[in-house]
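What follows is one structure encoded as structure tokens, with my remarks underneath.
The values are calculated or read from the model by the stated rules, or taken from the named source; none is laboratory data. All values derive from a computational prediction rather than experimental measurement. Cβ atoms come from the backbone with ideal geometry, glycine included; neighbour counts cover every protein chain shown.
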Amino acid sequence: NPPAAKDPVDLLWSEEELTAMIHALEGDAPKARARVLAGLVTARSFQMQRALLRALAQSKSAKERLAILSKFPEIPRLWLLPALAESMGKDTEPAVRLRAGQMIHASIGNATTRSTWPNVESRDVALDAARRIARDAKAPREVRLLAVQILTGWSAFVDHPLLGTLGADPAFKEYAPLQEYLKRLATLQKPPPRAVLPSKLRSNPARTMR
């Protein structure tokens with residue numbers, strides 16, 4: 001078993017503590033992983049976040065996977081999005097898929113993150129996963145709805161046809177956020193009204209040339 005860390009903030013751990021916790025997370029002992037997770041508030045260091053991703057990939061317990069996801073920052077770093085997209089798209093537990101999707105939504109929807117995309121590939125992996133899930137009639141309804149939220153939040157022109165198709169789908173007919181988004185979109189796409197000249201100018205076109 002790893003020794004209990006003296007501080008719940010991993011950035012304040014010694015090198016020895018950090019190494020021991022990483023080994024425990026990546027090892028085969030569920031009790032050791034549980035002890036690390038119980039003593040950690042939020043993983044801030046790159047090393048711990050990497051270790052959590054590896055633990056997430058090998059975990060066979062939905063409860064443990066949820067616990068692992070809860071240790072990432074509220075707004076995840078962009079390089080985490082491909083792994084989160086994998087969980088949102090393929091995990092066998094709907095609650096895990098939903099939590100991973102919520103983290104993607106928080107990251108993509110964050111104004112600061114959006115203004116400085118150092119890794120557009122990670123963003124696009126997450127958006128592609130949201131598109132696949134939104135189309136997947138077999139996916140849990142709440143996960144599909146969250147995928148639609150991600151796409152409407154990103155509001156890319158390329159997604160307008162898909163969102164329009166989903167808006168006509170019976171599964172989304174009563175989903176107010178999507179229907180309201182499509183109404184706003186339709187309003188924005190309307191051509192501007194034609195300018196009408198005052199009657200005096202229309203009766204004497206020559207005056208418009210002066």
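Cβ separations smaller than 9 Å between residues 6+ apart or across chains give the following pairs from region 88-106 residues that are outside any helix (DSSP H, G or I) to residues that are not basic (Lys, Arg): 91/62; 91/100; 92/62; 93/62; 93/66.
Anything in region 164-181 that is among the small types (Gly, Ala, Ser) and within 19 Å of residue 136 (Cβ to Cβ)? List them, or say none. Lay out the reasoning, then the answer.
Keep residues of region 164-181 that are among the small types (Gly, Ala, Ser), which gives 164, 167-168, 171, 176.
Hits for region 164-181 are 164, 167, 168, 171.
For region 118-142, filtered to residues that are of a type in the set (Asp, Glu) and within 11 Å of residue 81 (Cβ to Cβ), the residue that is modelled with the highest pLDDT is 128.
Out of region 117-146, which residues are among the β-branched types (Val, Ile, Thr) and without any contact (Cβ under 8 Å) to a residue 40 or more places away in the chain?
Restricting attention to region 117-146, the residues satisfying the condition of being among the β-branched types (Val, Ile, Thr) are 120, 125, 133, 143.
Listed by number, the list holds a single entry, 120.
Test residue 115 against the criterion of being buried (at least 20 other Cβ atoms within 10 Å of the Cβ), farther than 18 Å from residue 177 by Cβ and either out of contact with any Asp or Glu (no Cβ under 7 Å at 6 or more places or on another chain) or modelled with pLDDT under 95 (or both), and give yes or no. No: the conditions fail for residue 115.
Out of 12, 52, 56, I need the residue that is surrounded by fewer than 20 Cβ atoms within 10 Å (Cβ to Cβ) and hydrophobic (A, V, I, L, M, F, W, C). Which one?
Numbers: 52 fails: surrounded by fewer than 20 Cβ atoms within 10 Å (Cβ to Cβ); 56 fails: surrounded by fewer than 20 Cβ atoms within 10 Å (Cβ to Cβ).
Being surrounded by fewer than 20 Cβ atoms within 10 Å (Cβ to Cβ) and hydrophobic (A, V, I, L, M, F, W, C) holds for just one of 12, 52, 56, which is 12.
Any residue that is under 26 Å from residue 91 (Cβ atoms) and either outside any loop (DSSP other than H, G, I, E, B) or among the aliphatic types (A, V, I, L, M) (or both) - is there at least one of those in region 172-182? Yes.
For beta carbons closer than 8 Å, sequence separation of 6+ or different chains, a first residue in region 153-169 that is part of a helix (DSSP H, G or I) and surrounded by 13 or more Cβ atoms within 10 Å (Cβ to Cβ) and a second that is at pLDDT 95 or above and small (Gly, Ala, Ser), the qualifying pairs are 162/134; 166/134. The residue that is surrounded by the most Cβ atoms within 10 Å (Cβ to Cβ), among those in region 72-104 that are of a type outside the set (A, V, I, L, M) and modelled with pLDDT under 95, is 76. Pick from 201, 145: which is in a helix (DSSP H, G or I), surrounded by 10 or more Cβ atoms within 10 Å (Cβ to Cβ) and at pLDDT 95 or above? Only one candidate qualifies: 145. Look at (1) at pLDDT 90 or above; (2) over 25 Å from the mean Cα position of the chain (by Cα); (3) loosely packed, with under 15 Cβ neighbours inside 10 Å and you find that residue 3 fails only one, number (1).
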